[in-house]
Every structure is written in C-alpha cells, then in structure tokens.
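Enquirer: Here it is, the structure in full.
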C-alpha cells in the first residue's frame, strides 16, 4: 500500500486511474455498500488518498456516501452515465435495422428500451408515406404496456417481472384513454401468442402500430422495434408482414433473436 507522504503528488492521469479503480471496487460492493478501509485495502491505496478521491467522486455524484452506515455505493450520476452509454450503444447497434425497416414500410419506426418500469424511446426514423404519425418522440417515456413497442417489451419479460411492472404502473394506465391493468395483461397474452404486439389505435385515434421485442442470448429483453402508421394501413395481413420484416432485417444484421 502506498503512502501519500512518501510519494510525489499523483498527477492527473494517476488520479484518474485511481478514481476508476475505486469506482470498480465500489461497484463490486453492490447494494451492500463498502467501508472506506475495505475500499482502500482492495485498491492498495492509502486510506487518506482513498478518502480524498472518493470525496471528489461524491461531488460528481458518481459515488454516494451514507453518513449513518458509513458505507459507499455507486451514485446516481455514475448510473445515469452508464444508462446513457448503454442507450447510445443500443441505438448505434440497431440503426441499420431501423433504416431497412423504414425503407420497407415507408412508415415511422421507433426503437425503445426498458428503464425501470417504463419504455424509453431512444431512436426514431420517419418514412416516406405522405401521412406521418408523429405519436412518439425520442426521449419520451411511457409505462410498460402502453403502445406497441412498450407492450412488446413488457411481453418479453419473465412472467414475475412483467406482473411486477403492471402492478407498479396500475395507477398510471388510466391516463392513456382509460387503459386498465386487466387490459394490459390481456394484451400481453395476445402479444406472446401472436409473436408481435399490436396497438389498434388505443392510444391515439387513427394511429396503429406493430412491435417486436429483441431478445438477448439469455432470453433477456434488449429492445423493441415498432412501426406506426395510420390505422387503414395496418390490416391483419400487413401487420403480420411488418412484424416479419422487422425479424428478417434484424437477422440480416446479425442481431439477437426476436420473440
């Protein structure tokens, strides 16, 4: 273990390196948290130096300190950066697929991911069809189950996790044209049976949408791709075709399997 007094002052790059070492150690502590002395021991950094660096990380909200338990945890600022980085990576990963799907459908295509009990729209492309359906913008959040992409995400979750999300959102559903938890659960069952979600103008009159969930190698939901159009274009035959287009184009891009 080094001594802050026995070595020259750390330069910027050394401090940055040590800060990342501390972040990894605090992250490994998980929900249980970690004490200062344990963090310093694992990092092999003097306790005083560790305390100073953790203080800087606390000011940047990358680390949180509970004065009662004397434990350190990852802070909201770090988790927010992590979420934003993951969203950006997902967006880049799926952009080619969205471009292909929008070319095939000529309608508006959305990419959504799960954030807590919400669906977050992280990308959107508008097609060439003259009548646009501007129903969901990038950055918009909806309770899981509300809208085609959001419903596809919910249906892709394990049963217990999906039930928990519906319970958590039950007081919010009524804001969307009187949707109820019972209706959401029924839509989830239909989505799982059909292999794709369908929003039959339930949220915005005259606008319908199809959604397909993308599943990772461990059957975890990565994202959902949805296509919105005027309801007249979403006939049973066409919505099945749209769902198949999404699956096919994702497969061409080498993305994980789609549910």
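Enquirer: Multiplying the sequence separation of residue 230 and residue 103 by 0.36 nm and subtracting their Cα-Cα distance, what value in nm do you get?
Expert: Working: separation 127, 0.36 × 127 = 45.72 nm, distance 1.66 nm.
Stretched fully, the residue 230-residue 103 segment lengthens by 44.1 nm.
Enquirer: A follow-up question, please. Which of the three applies to region 149-259, rounded, prolate or oblate, going by the alpha-carbon gyration tensor with a ≥ b ≥ c and a/c under 1.5 meaning rounded?
Expert: Judged from the Cα gyration tensor, region 149-259 comes out oblate (a/c at least 1.5, b/c at or above a/b).
Enquirer: Roughly how many Å is it from the Cα centre of region 22-56 to that of region 146-194, as a whole number?
Expert: 41
Enquirer: Rounded to the nearest 0.05, what FRET efficiency do residue 15 and residue 91 give with R0 = 41 Å and r taken as the Cβ-Cβ distance? Could you check?
Expert: On the way: r = 32 Å, r/R0 = 0.78.
About 0.80, to the nearest 0.05.
Enquirer: Oh, and also: I'd like the FRET efficiency for residue 132 and residue 175, computed as 1/(1 + (r/R0)^6) with the beta carbon distance as r and R0 of 22 Å, rounded to 0.05.
Expert: Numbers: r = 24 Å, r/R0 = 1.10.
My answer for the efficiency is 0.35.
Enquirer: When the helices in the chain are scored as -39500 (n - 2.57) per DSSP H run of 4 or longer and the sum is shared across all residues, what 222 nm value do you end up with, to the nearest 500 deg cm²/dmol? Display every interim value, and only then the final one.
Expert: Details: 8 runs with 120 residues, N = 259.
Theoretical 222 nm ellipticity from helices: -15000 deg cm²/dmol.
Enquirer: Given the options 141, 61, 202, which has the most mean-square fluctuation in a GNM of the chain, springs set between C-alpha atoms less than 10 angstrom apart?
Expert: For the chain, modelled as a Gaussian network with Cα springs under 10 Å, the answer is 61.
Enquirer: Right, next: Between residue 125 and residue 190, what is the FRET efficiency for a Förster distance of 25 Å, r being their Cβ-Cβ separation, to the nearest 0.05?
Expert: Numbers: r = 27 Å, r/R0 = 1.07.
Efficiency computed from Cβ-Cβ geometry: 0.40.
Enquirer: Considering only 144, 111, 57, give the residue with the highest GNM mean-square fluctuation for the chain, with springs between Cα atoms whenever their separation is below 10 Å.
Expert: 57
Enquirer: Mind checking which of 163, 194, 232 has the largest fluctuation in a GNM of the chain, springs on alpha carbons under 10 Å?
Expert: Checking each option, the largest mean-square fluctuation is seen for 232.
Enquirer: How would you classify the chain from its alpha-carbon gyration tensor, with a ≥ b ≥ c the square roots of the eigenvalues: rounded for a/c under 1.5, else prolate if a/b is greater than b/c, otherwise oblate?
Expert: Numbers: a/c = 3.01, a/b = 2.25, b/c = 1.34.
Note, shape of the chain comes out prolate.
Enquirer: Return, ordered by residue number, the residues of region 187-208 whose backbone nitrogen is under 17 Å from a label point located 7 Å along Cα→Cβ of residue 163.
Expert: Backbone N within reach: 187-190.
Enquirer: In nm, give the distance between the simple-model label positions of residue 200 and residue 70, each being 7 Å from the Cα along the Cα-to-Cβ direction.
Expert: Label at residue 200, label at residue 70, 6.3 nm between them.
Computed from the coordinates by the stated procedures, all read-outs in this text should not be read as laboratory data. Computed from a predicted structure; not experimentally measured. Cβ atoms come from the backbone with ideal geometry, glycine included; neighbour counts cover every protein chain shown.
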